[in-house]
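> Before we start, here is the structure in question, set down as structure tokens.
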Amino acid sequence: MPLFEQHPLRQSLSDEVHARPPVPLNTPEFVTYLAFLHHEGSAEREAAHLRQLAEQLGLPEPKTDSGHLLMESDGFRLKWERHNEFSSYCFFRRIEPEDIAEDYALLHVPAAWRKAIPGQLIAATHIELRSIAEMPLESVLHQQSRRGQALVASSVSDGAGWVLTDFHLYEGFSHFLVLDKDFTPRQAGRIAQRLVEIELYRVMALLAFPVAKEVGRLVSRAEDELADLMDGMGQSRTADDDRAVLTRLSRLAAEVERSVARTTFRFGAAAAYYRLVRQRIEDLREARLPGFSPIAEFMDRRLVPAIDTCASIARRQDDLSARIARNSQLLRTRVDIEIERQNQELLAQMNRRAKIQLHLQETVEGLSVVAITYYASQLVNYLAKGAKDFIAPATPEVITAVSIPVIAGLVFLGLRRMRKLLGTEEGVTHP
């Protein structure tokens with residue numbers, strides 16, 4: 001087989017398709033899922049923290065370069081994954097006959113290590129996987145929630161099992177009970193992974209809701225201020241009024257654009273996380289149990305309104321930004337037109353002044369003709385007096401008198417020719 005030049009990312013891209021598979025689960029089993037938001041460099045401390053756990057358990061040093069690993073010890077298994085905004089720690093432990101439900105999967109995890117996990121806890125979930133023979137569905141449904149809350153229950157995987165929860169937090173954890181009828185180990189692992197991802201992505205999507213409420217107040221105030229500014233723009237009569245409105249409008253635009261830059265990622269992430277929630281719910285292949293709400297219905301009733309609010313606020317903010325930009329452009333156009341009008345008036349004034357200056361110049365030129373003629377005629381007079389013996393019978397006075405109109409005419413023609421040459425040169429230079 002011929003060798004081809006390989007793209008440097010080909011192998012890693014191929015491996016990414018097979019990365020992070022669900023962990024197979026054998027009923028009965030406890031699963032505890034913890035997700036921590038990256039905070040103040042916590043992501044960089046995770047590798048050292050995982051190495052510390054491996055040392056305590058006597059395991060080989062874990063490799064975290066790929067962003068995920070599976071660590072197995074005698075008492076539990078740990079699946080760690082690093083994502084863009086958070087890292088997750090999923091613990092698995094077989095349920096022994098002497099175990100009680102409150103032990104869950106963290107029983108053999110060192111408490112000091114667990115409390116020192118870097119980051120801020122954003123999601124924590126316990127899953128209890130039981131056989132239908134050990135815990136019949138009818139008895140669980142009759143008990144409702146263990147803590148008195150309304151139960152969310154549905155059949156999943158085309159009737160291969162059931163999922164029950166109330167989506168409330170108790171001692172910091174949400175709880176799922178998964179009843180196994182015909183699950184394969186991999187199918188049970190996929191169900192557990194989808195449940196913890198539904199819980200995590202639900203919370204991650206809701207991170208945008210407090211932001212939306214804060215931005216909503218800003219948008220409402222900015223919309224009112226924009227309406228007042230538009231009223232002021234309609235009532236402005238001078239360029240100073242327009243510039244004052246434009247200054248306030250520019251300040252409002254800067255405030256709104258700062259909010260857009262600060263919240264665009266959060267609103268976009270909320271929409272992406274919500275899509276993941278919907279996808280994971282579809283992957284469960286739910287069927288309704290009579291008298292109980294399935295997970296999809298619960299999310300439609302509780303999560304969708306918050307996501308719709310976030311989307312609505314994001315659209316209002318974008319629309320407000322576009323409206324401010326349009327109004328700013330309109331106002332700048334008005335200001336530019338006023339400046340152009342003032343410039344035209346200034347040019348007209350300069351034109352009038354140039355005409356006045358031209359008239360004065362023509363007047364001065366007339367006086368110049370007289371002055372030059374006077375001095376030139378005196379020169380002729382002196383010459384005639386010096387040459388009176390040669391010009392007889394003409395006298396110097398007659399010669400001088402005759403020269404005056406000749407000199408005046410020559411001076412006038414010379415100045416006119418010079419003015420014409422200057423005008424022609426100016427017309428060529430400035431067409």
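Computed from the coordinates by the stated procedures, all read-outs in this text should not be read as laboratory data. Everything numeric in this text was worked out from a predicted model, so none of it was measured. Note: ideal-geometry Cβ built from the backbone for every residue, glycine included; neighbour counts use all protein chains shown.
> For the chain, what does the helix formula give at 222 nm: sum of -39500 (n - 2.57) over DSSP H segments with n ≥ 4, over the residue count, nearest 500 deg cm²/dmol?
Rounded to the nearest 500, it is -21500 deg cm²/dmol.
> Please report, to two decimal places, log10 I(q)/I(0) for the range 20-182 at q = 0.20 Å⁻¹ as given by the Debye formula with identical point scatterers on the Cα atoms and no solvent.
Here log10 of I(q) over I(0) equals -1.34.
> Follow-up question, since we're still on this one. Taking neighbour counts of Cβ atoms within 10 Å as a proxy for exposure, in what order, fewest first, do 89, 104, 382 appear?
382, 104, 89
> Follow-up. Only one of the listed values, [x] 25.8; [y] 46.5; [z] 36.7, was derived from the coordinates as mean projected area of the Cα convex hull in nm²; which label is it?
So the calculated entry is the one marked [y].
> Now a separate question. Once you have a ≥ b ≥ c as the square roots of the Cα gyration tensor eigenvalues for the range 358-425, tell me rounded if a/c is under 1.5, and otherwise prolate or oblate according to whether a/b is larger than b/c.
It comes out prolate by the Cα gyration axes.
> Can you say what percent of the DSSP beta bridges in the range 20-182, counting only those with both residues inside, are antiparallel? Round to 5.
In the range 20-182, approximately 85 percent of DSSP beta bridges are antiparallel ones.
> Further question: Taking the Cα-to-Cβ direction at residue 238 and at residue 225 and moving 7 Å from each Cα, how far apart do the two end points lie in nm?
2.5
> Let me ask another. Taking the chain as a Gaussian network, Cα atoms linked when under 10 Å apart, which of 82, 352, 332 shows the biggest mean-square fluctuation?
For the chain, modelled as a Gaussian network with Cα springs under 10 Å, the answer is 352.
> Nearest 0.05, what FRET efficiency do residue 410 and residue 350 give at R0 = 30 Å with Cβ-Cβ as r?
So the FRET efficiency works out to roughly 0.30.
> Now, a different point. For the range 162-235, what is Rg from Cα atoms divided by 2.2 N^0.38 Å, rounded to two decimals?
2.05
> With a 10 Å radius around each residue's Cβ, average the other Cβ atoms per peptide and rank 267-273, 395-401, 416-422, highest first.
Top of the packing list down: 267-273, 395-401, 416-422.
> Let me ask something additional. Go ahead and set up a Gaussian network model of the chain, Cα springs under 10 Å, then flag whichever of 363, 184, 333 fluctuates most.
Answer for the Gaussian network model of the chain: 363.
> Taking the number of other C-beta atoms within 10 Å as the exposure measure, put 129, 177 in order starting with the fewest.
By the 10 Å Cβ count, ascending, the order reads 177, 129.
> I want to check the label-to-label distance for residue 10 and residue 63. Put each point 7 Å from Cα in the C-beta direction and report it in nm to one decimal.
2.1
> While we're on this one: Would you order 301, 285 from fewest to most other beta-carbon atoms within 10 Å of each residue's own beta-carbon?
Neighbour counts put them in this order, fewest first: 301, 285.
> How much of the calculated P(r) for the range 208-344 lies past 19 Å, in percent of all Cα pairs?
In whole percent, the long-distance tail amounts to 62.
> Which one of 169, 137, 184 is farthest out on the positive end of the charge dipole of the range 103-238, using unit charges on Cβ (Lys, Arg +1; Asp, Glu -1) and the Cα centre as origin?
Sorting the options by dipole projection puts first 184.
> A further question on this structure: What residue among 263, 373, 125 has the largest mean-square fluctuation in a Gaussian network model of the chain, using Cα springs under 10 Å?
Ranking 263, 373, 125 by mean-square fluctuation puts 373 first.
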